[in-house]
Amino acid sequence: MSKNRARARSICPDRDLIGEIKALGQPRLAAVIEGLLFAKSKQPFGEVLVDLVEGLKLARDERSIHRRFDAARLPMPSAVLEEAKCSNARGLHRDVVDDLAKGEWVKRQEHIAITGASGTGKTWLACALASTALRHGHVVRYFNVPDLLFAWSTAKAHDTLDAFRNTLSRADVLVLDDWGVERLDEEDVSILRRVLQFPLEHASVVVASPYPESHWLEWLGGDYVGESLVRRLGGGAHRIDLRKGC
């Protein structure tokens, strides 16, 4: 038995309070109480309560972050902008990364277009940007485009399309990976238009594509729908063209 748990027993000898709190599914609360009430037993009680409340708020924030990360379904959830390898050779500049790390682009509902050949780190960077948004308290949803189209079709077949669209509309940031990769038919383009209709106006969209923006119109069918999507997504967006470099 730990020293702190022994002290807990001395306060209430018939019960293992720390163990009971952990059994209630509150390990963070148990740790806060164990660390504050016993290790700092000489603190004025008011200060103990303040520290306890701050500890519980921190625990709540941590749980909230974990829930947001789980819901986002990032393929690289550990990616963080602080670890970005910036250089002129890569096309990724530290001042740009530092500015994006502030998260203001989400508040301003700005979009980000990441382009570059395979192996340049597009997905990693998209996930790092998404991680920044999540840690700033925003809601993120990640899809690669083929999976998004499949999810839409599946929801439609199971009569849950409204719920799926509501899930998308609650996102502050929508990340679309593999943008421009697989051939689209007319129905696919229509789905993308409906998916992007809300976030292009009221949220931020991050796309990662191996092809430059000049390729997107052809990929989207070359008509007015594709032209509208390219114009609304590319107009004023942050553009990052990654290259393979040291």
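Relative to the compact-globule scaling 2.2 N^0.38 Å, provide the ratio for the alpha-carbon radius of gyration of region 178-226. This ratio for region 178-226 stands at 1.11.
For every other residue with a beta carbon closer than 14 angstrom to the beta carbon of L196, add +1 if it is Lys or Arg and -1 if Asp or Glu, then tell me the sum.
Charge balance in the 14 Å sphere: +3.
Its Cα centre serving as origin, the chain has a Cβ charge dipole (Lys and Arg +1, Asp and Glu -1) of approximately 1180 debye. Ordering C86, C127 by the number of other Cβ atoms within 10 Å of each residue's own Cβ, fewest first, gives C86, C127. Annotation: the antiparallel percentage among DSSP beta bridges lying fully within the chain is about 5. Under the criterion of Cα pairs below 8 Å and six or more residues apart, the relative contact order for the chain equals 23 percent. Gain in length, R193 to A71, computed as 0.36 nm per residue apart minus the alpha-carbon separation, to one decimal in nm? Between R193 and A71, full extension yields 41.6 nm more. By the Stokes-Einstein formula, at 1.306 mPa s and 10 °C, the chain with its Kirkwood radius over alpha-carbon pairs has D equal to 76 µm²/s. In a fully extended conformation the segment linking K107 and A23 would gain 26.2 nm over its present Cα-Cα distance, using 0.36 nm per residue. Taking packing as the residue-averaged number of other Cβ atoms within 10 angstrom, the listed peptides 21-31, 71-81 run from highest to lowest as 71-81, 21-31. Here the extension length gained between R94 and A155 equals 17.9 nm, from 0.36 nm per residue of separation less the Cα-Cα distance.
A short reminder: the numbers here are calculations on the coordinates, not readings from a lab. Just so it is clear, the model here is predicted, and its values are computed rather than measured. Quick reminder, even Gly has a Cβ in these numbers, built from the backbone with ideal geometry, and neighbours come from all protein chains shown.
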